[in-house]
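Heads up: the structure comes next, in structure tokens.
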Amino acid sequence: MSSKRAVLALLALTLVATPLIAEDSISAKLALTPPMGWNSWNKFACNVSEDMIKSMAEAMVKSGMKEAGYQYVVIDDCWQVNRDAAGNIVADPQRFPSGIKSLADYVHSLGLKFGIYSDAGSKTCAGRPGGLGHEYQDALQYAAWGVDYLKYDWCSTTTQDAKASYANIRAALDASGRPIVLSICEWGKAQPWLWGKEVGGNLWRTTGDIQDRWRGKKEWKPGDCCSYGALDIADEEAGLYSYAGPGHWNDPDMLEVGNGGMTDVEYRSHFSLWAILAAPLIAGNDLRSMRPEIHDILTNKEVIAIDQDPLGMQGRRVFRNETGEVWVKQLKGGNRAVILLNRGASEQSISVTWEQLGYPDQLTANVRDLWQHKDLAKTSGKFGVAVPSHGVVMVTIKP
């Protein structure tokens with residue numbers, strides 16, 4: 001047995017004794033706020049390349065997204081083509097001629113972090129080589145390349161146990177010696193919010209894939225559910241708020257802001273909902289050609305601050321009727337972030353009461369509109385305003 005294979009075998013044996021993450025693990029302090037970055041899939045799918053990723057990283061810096069808090073540049077599926085004779089994963093030499101380490105080094109040189117994609121099964125969702133049976137080998141390779149973030153999918157897994165599979169890859173990543181954020185992409189089928197934190201996942205998908213539309217679930221193929229609109233994902237995640245917190249987040253999937261399937265008003269609502277859900281903010285558009293309106297949504301620092309609030313509480317829905325909703329997120333220091341959401345086809349007045357915020361009625365509070373970037377009149381008891389169709393008014397309320 002070669003020395004490298006002997007090391008891999010020894011590392012694999014350690015998993016039997018320590019299958020779950022330890023509090024002193026090198027990954028224990030990762031993602032204390034929801035990760036922010038960009039991923040290639042929503043816009044480019046399999047059309048990935050070294051040059052495109054470099055240009056997207058450059059655009060993240062030049063556009064001000066880095067300054068706004070975005071840091072991970074993640075290549076999704078289709079970067080890999082096969083395994084070599086020793087079982088090492090091989091990047092597409094045509095699309096990544098300089099290799100993955102060179103690309104990661106370039107991303108790091110811009111002050112950003114680098115992410116990559118694999119799968120817990122034998123093949124990825126696009127039919128490329130998966131990670132099954134190569135977890136420790138791949139983790140060592142990723143660490144050597146300088147990977148900071150791994151999105152781990154769930155295709156071609158047959159009878160595998162999800163919890164055990166993700167505990168395995170986390171143990172492998174930690175054994176590599178490099179802190180690597182683990183994004184569990186299991187689509188919510190095995191309720192990863194119940195065990196994701198325990199196995200060291202930093203974020204876990206709660207539903208099937210998002211698609212660039214306001215609402216509506218659609219089957220991928222007959223009997224195979226589903227892709228989701230933005231509102232459908234928010235509905236699915238509304239009751240999961242107790243499972244999120246620093247280092248472990250519910251993931252409603254990547255952002256579709258700027259990809260063309262929704263109006264700018266709907267994109268603003270989409271972004272606002274993800275922020276109040278304390279969701280990872282992973283952009284999925286072409287950063288090199290953003291319209292000013294899209295840029296302003298993705299870089300709204302006041303809304304981003306709600307997502308990144310260090311208390312780490314996920315917001316919850318406290319009121320809902322046929323078309324109007326109120327979402328509330330507790331912030332560090334006792335303040336509240338509030339979304340008034342209008343699902344309906346026409347403008348309507350929506351209000352939040354201090355009782356819904358957990359405040360006494362007589363309390364006077366300052367209200368700030370986070371999209372208009374202005375302070376509103378002080379008020380007590382409740383706050384209400386007209387909300388446009390498919391739009392939100394997002395405010396902070398500070399006693």
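The table below lists the values:
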quantity: Any hit, segment 93-103, residues being in the same structural domain as LEU32 (by TED's automatic domain parsing) and touching a Cys at 6+ places or on another chain (Cβ under 9 Å); calculated: yes
quantity: Test set (1) modelled with pLDDT under 95; (2) aliphatic (A, V, I, L, M); (3) part of a loop (DSSP other than H, G, I, E, B); (4) surrounded by fewer than 19 Cβ atoms within 10 Å (Cβ to Cβ) - ILE21 fails condition number; calculated: (4)
quantity: Residue satisfying all of: in segment 181-196; buried (at least 24 other Cβ atoms within 10 Å of the Cβ) and small (Gly, Ala, Ser); nearest to ALA104 (Cα to Cα) among these; calculated: SER183
quantity: Criterion violated by ALA85 - all others in (1) surrounded by 15 or more Cβ atoms within 10 Å (Cβ to Cβ); (2) over 20 Å from the mean Cα position of the chain (by Cα); (3) not hydroxyl-bearing (Ser, Thr, Tyr) satisfied; calculated: (1)
quantity: Residue within segment 377-396 that is closer than 30 Å to GLN71 by Cβ, part of a strand (DSSP E or B) and in contact with a helix residue (DSSP H, G or I) (Cβ under 7 Å, 6 or more places away or on another chain) present; calculated: yes
quantity: Qualifying residue in segment 148-169 (condition: assigned to a strand (DSSP E or B), in contact with a strand residue (DSSP E or B) (Cβ under 7 Å, 6 or more places away or on another chain), surrounded by fewer than 22 Cβ atoms within 10 Å (Cβ to Cβ) and modelled with pLDDT of 95 or more); calculated: no
quantity: ASP153 vs. criteria farther than 22 Å from MET56 by Cβ and in the same structural domain as ALA45 (by TED's automatic domain parsing); calculated: no
quantity: Hey, ARG178 among the basic types (Lys, Arg), surrounded by fewer than 24 Cβ atoms within 10 Å (Cβ to Cβ) and modelled with pLDDT of 95 or more or not; calculated: yes
quantity: Single match in GLY229, GLY258 (criterion: touching a Lys or Arg at 6+ places or on another chain (Cβ under 8 Å), assigned by TED's automatic domain parsing to the domain that holds ALA68 and in contact (Cβ under 8 Å) with a residue 40 or more places away in the chain); calculated: GLY258
quantity: Qualifying positions in segment 134-156 - under 22 Å from the mean Cα position of the chain (by Cα) and either closer than 22 Å to VAL90 by Cβ or touching a residue at least 40 places away in the same chain (Cβ under 8 Å) (or both); calculated: ALA139, TYR142, ALA143, GLY146, VAL147, ASP148, TYR149, LEU150, LYS151, TYR152, ASP153, CYS155
quantity: Some residue of segment 200-213 being in the same structural domain as SER27 (by TED's automatic domain parsing) and surrounded by fewer than 17 Cβ atoms within 10 Å (Cβ to Cβ); calculated: no
quantity: Residue in segment 55-82 that is farthest from the chain's Cα centre (by Cα), counting only those that are part of a strand (DSSP E or B) and among the β-branched types (Val, Ile, Thr); calculated: VAL81
quantity: Every pair of residues 6+ apart whose Cβ atoms lie under 8 Å, when the first sits in segment 351-363 and is within 18 Å of VAL393 (Cβ to Cβ) while the second is exposed (fewer than 15 other Cβ atoms within 10 Å of the Cβ) and of a type in the set (S, T, N, Q); calculated: TRP354/SER380
quantity: Residue within segment 187-204 that is assigned to a loop (DSSP other than H, G, I, E, B), under 27 Å from PHE44 (Cβ atoms) and out of contact with any Gly (no Cβ under 8 Å at 6 or more places or on another chain) present; calculated: yes
quantity: Among residues of segment 170-183, those that are closer than 14 Å to GLU135 by Cβ and either in contact with a strand residue (DSSP E or B) (Cβ under 7 Å, 6 or more places away or on another chain) or not in a loop (DSSP other than H, G, I, E, B) (or both), counted; calculated: 8
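The values are calculated or read from the model by the stated rules, or taken from the named source; none is laboratory data. Note that the structure is predicted; figures quoted are calculated from it, not measured. Positions of Cβ are backbone-derived with ideal geometry, glycine not excepted, and every protein chain shown enters the neighbour counts.
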